[in-house]
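Inspection log for the structure reproduced underneath, given as structure tokens.
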Amino acid sequence: MYHQYLNEPMVLDADRASIMTLSLPADISDFIVLQAMSAPLLELIVVADGTQPKIAIRFQPLMGLKLNSISSEKLQFSNPIQRSFGQGMRLYSRMGTAPKFCAAELRTGVSFKLDLNNGLCLALQSASKFELVPLESDLRVLHEPQVLLMAKAILARQYDYGASSEALAVYMTEIEQVRAELQTFLRGELGQYHASLAEEAIRLDPLLQQKRQWMFRTYTHMFERPNYNRASNDAQSVDKSLRKLECFELLATPELIQMVERLMEDEA
């Protein structure tokens, strides 16, 4: 499973405590996170235990994995999960998390600790946008179709009123991608033979379109000129301009004020 997403496994000796960090290279765009979120980012399986435990690791090819043998005191980790021979873990993004938050954390690196004090244990860094799921508890493949889960997660996500133009572009691309997958789902066998799922997909599509329209209006407003008398990057309000004019009048001499008024009368 997930062979099309993950690279060839690497077998590592887990003979001492260490920290593994999965990160997104600086030259990779945030748009790739949209594809990465549809599958596990990393898979780890214990292939040998005892005095010399070994683990097999696979991760998405565009990611980078670093192994540090020295523990960092700055990192805090969640409760460890013990693993034995044949057991493993998968690293997923938390359902409903916006891609920009996942990308930001991947830029700094997602770390998890490998501990050997009480057997082979794995612990993910605290307050992470990702989660480690044991293989025997990985029920994501048994849920309703992935595209419906993604559509609901996008709709449940709160509006980010302070998002940058780049983040909005990523959001809109994500919505367009999910809408295209919904259409593919409706044309497929599941959409044709499961009326309830098809009805839900049809209901979700216009809601996604409405959210995209709001994002598109916000995105275009960032580059619009609020007034043709001002530059597009001039965000001064009329009230602020009037207050500034009053300050100039207070500082100007009466003769200068009279001269300006005469000039204005001549133009009128």
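The values are calculated or read from the model by the stated rules, or taken from the named source; none is laboratory data. Values in this document were obtained by computation on a predicted structure and should not be read as measured data. FYI the Cβ positions are ideal-geometry reconstructions off the backbone, even for glycines, and counts take in every protein chain you see.
Based on this model, can you work out whether ARG94 counts as within 28 Å of ASP30 (Cα to Cα) and either of a type in the set (Val, Ile, Thr) or touching a helix residue (DSSP H, G or I) at 6+ places or on another chain (Cβ under 8 Å) (or both)? Even if it seems obvious, please write down each step before you answer.
Details: within 28 Å of ASP30 (Cα to Cα): yes; either of a type in the set (Val, Ile, Thr) or touching a helix residue (DSSP H, G or I) at 6+ places or on another chain (Cβ under 8 Å) (or both): no.
No: the conditions fail for ARG94.
Could you grab me the full set of residues in the stretch 119-140 that are under 15 Å from SER84 (Cβ atoms) and crowded, with 18+ Cβ neighbours inside 10 Å?
The answer is LEU120, LEU122.
Looking at LEU22, LEU91, LEU62, LEU75, which one is hydrophobic (A, V, I, L, M, F, W, C), within 29 Å of GLN146 (Cα to Cα) and not in a strand (DSSP E or B)? Lay out the reasoning, then the answer.
Working: LEU22 fails: not in a strand (DSSP E or B); LEU91 fails: not in a strand (DSSP E or B); LEU75 fails: within 29 Å of GLN146 (Cα to Cα).
From the options LEU22, LEU91, LEU62, LEU75, the qualifying one is LEU62.
Inside the stretch 201-242, can you point out the residues that are at pLDDT below 70 and either in contact with a His (Cβ under 7 Å, 6 or more places away or on another chain) or surrounded by 13 or more Cβ atoms within 10 Å (Cβ to Cβ) (or both)?
PRO226
Inside the stretch 104-186, counting only strands (runs of 3 or more DSSP E) that do not spill past its ends, which hold 3 or more residues that are within 21 Å of SER23 (Cα to Cα) and touching a Ser or Thr at 6+ places or on another chain (Cβ under 8 Å)? Outline the logic, then answer.
Values: elements: 110-115, 120-124, 130-134.
Ranges flagged: 110-115.
Are any of the residues in the stretch 63-72 within 15 Å of PRO134 (Cα to Cα), in contact with a strand residue (DSSP E or B) (Cβ under 6 Å, 6 or more places away or on another chain) and of a type outside the set (Gly, Ala, Ser)?
Narrowing the stretch 63-72 to residues within 15 Å of PRO134 (Cα to Cα): none.
There is no residue in the stretch 63-72 that is within 15 Å of PRO134 (Cα to Cα), in contact with a strand residue (DSSP E or B) (Cβ under 6 Å, 6 or more places away or on another chain) and of a type outside the set (Gly, Ala, Ser).
Under 7 Å between Cβ atoms, at least 6 apart or on separate chains: pull out the pairs that start in the stretch 132-157 with a residue that is more than 18 Å from ALA180 (Cα to Cα) and end on any residue that is assigned to a loop (DSSP other than H, G, I, E, B) and modelled with pLDDT under 80.
Filtered contacts from the stretch 132-157: ALA156/GLY96; ARG157/GLY96; ARG157/ALA98.
Yes or no: the stretch 181-189 includes at least one residue that is more than 13 Å from PRO145 (Cα to Cα), more than 21 Å from the chain's Cα centre (by Cα) and loosely packed, with under 13 Cβ neighbours inside 10 Å.
Yes, there is a match, as at least one residue in the stretch 181-189 is more than 13 Å from PRO145 (Cα to Cα), more than 21 Å from the chain's Cα centre (by Cα) and loosely packed, with under 13 Cβ neighbours inside 10 Å.
Select from the stretch 158-168 the residues that are surrounded by fewer than 15 Cβ atoms within 10 Å (Cβ to Cβ) and either hydroxyl-bearing (Ser, Thr, Tyr) or in contact (Cβ under 8 Å) with a residue 12 or more places away in the chain (or both) and list them in ascending order. Lay out the reasoning, then the answer.
Kept after step one, since they are surrounded by fewer than 15 Cβ atoms within 10 Å (Cβ to Cβ), are these residues of the stretch 158-168: 158-159, 161-162, 164-166.
Hits for the stretch 158-168 are TYR159, TYR161, SER164, SER165, GLU166.
Within the stretch 113-138, how many residues turn out to be over 21 Å from ALA14 (Cβ atoms) and of a type in the set (A, V, I, L, M)?
Qualifying residue count for the region: 1.
So, in the stretch 119-158, exactly how many residues are within 14 Å of the chain's Cα centre (by Cα) and at pLDDT below 80?
The total comes to 2.
If we keep just the residues of the stretch 61-118 that are more than 13 Å from the chain's Cα centre (by Cα) and basic (Lys, Arg), which is surrounded by the fewest Cβ atoms within 10 Å (Cβ to Cβ)?
This residue is LYS74.
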